[in-house]
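What follows draws every value from the coordinates through simple rules; no lab data is involved. Remember, predicted model here, so these are calculated numbers, not experimental data. Every residue, glycine among them, receives a Cβ derived from its backbone with ideal geometry; neighbour counts consider all protein chains shown.
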Amino acid sequence: MSGIGIASQVVPLLLIGGGFVLTGAATYGLPNPQENHLARLHPKAQGPFREFIRRVESETGWRVQITSGYRTRTEQEHLIRGGRHYAVRNSAHLFGFALDINLLKDGKRITSRSSNAAWEATGAVAIAKSLGMRWGGDFQRKSRVHFDLFWSPALARKWIAMAEAQFGPNWGDRGNQLVIR
Ligand SMILES: [Zn+2]
C-alpha cells in the first residue's frame, strides 16, 4: 500500500460572507492521515485547502503536515479549558474551515514556535492570502500554524445561529455539515 490517497474535486464558485470568490480545480493526493483531516473539513473548504497544500508543496518545496483541522465544540472547549491561548470559542475549526499546519524541509520544521518572519520566508503565507485565506500570524492572539477561510467574528455569530437552527442545541458535533447558502 502506497499510503497515498488520490482524490479529485472540482471546486465550485464559492462566495461566502466576506465576498471572496474561489474558483478552480484541485487534484492533489496526500498521505492518508492528511487525507483524513481534509475529509473532515466542511465540503466547501476541502477544495481550497487542497489547492493551498498543492501550491505550497509544488511552489516552495516545503512539505505540509496538517496537525489539526475540524474540531467539535467539545474538542475546542477542551483546548480552551487546557489554557491553549490560540483556542477561541468562535473558531473556524468548529465548522471545518481552518487548518493548523507545520512545514518541513531538509530536516527543518516550521511550527507554532517559529517567528512570523520564518513563516513568511517559506512562501506559504503569501500563497494562503492569494487564495483569500487568513493567517493566524496576523491575529492579535497569534497562532502561526493557523490558516482559515473567510472568517470574522460576525460570520462566526451568524454561523453559530445557523447551526443551532439546523441541528439544535447539540450542533457542536455537526459544524462541518452546516448548510451554507
Ligand atoms: Zn487553528
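The table below gives the values:
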{"quantity": "Region 51-181 - percent relative contact order, Cα under 8 Å, separation 6 or more", "calculated": "27"}
{"quantity": "For region 143-158, 3J(HN,Hα) per residue [Karplus equation, 6.51 cos²θ - 1.76 cosθ + 1.60, θ = phi - 60°, Hz, x = Gly/Pro]", "calculated": "9, 6, 7, 9, 10, 9, 10, 6, 8, 8, x, 5, 5, 4, 4, 5"}
{"quantity": "Burial ordering of 91, 114, 130, 152, fewest other beta-carbon atoms within 10 Å first", "calculated": "130, 152, 114, 91"}
{"quantity": "Residues 60, 67, sorted so that the one with the fewest Cβ neighbours within 10 Å comes first", "calculated": "67, 60"}
{"quantity": "Sorted by Cβ density within 10 Å, fewest first, the residues 40, 134", "calculated": "40, 134"}
{"quantity": "Interchain or long-range residues, amide H under 5 Å from residue 150's placed H", "calculated": "134"}
{"quantity": "Distant-in-sequence amide H partners of residue 67 (H built 1.01 Å from N, under 5 Å)", "calculated": "100, 101, 102"}
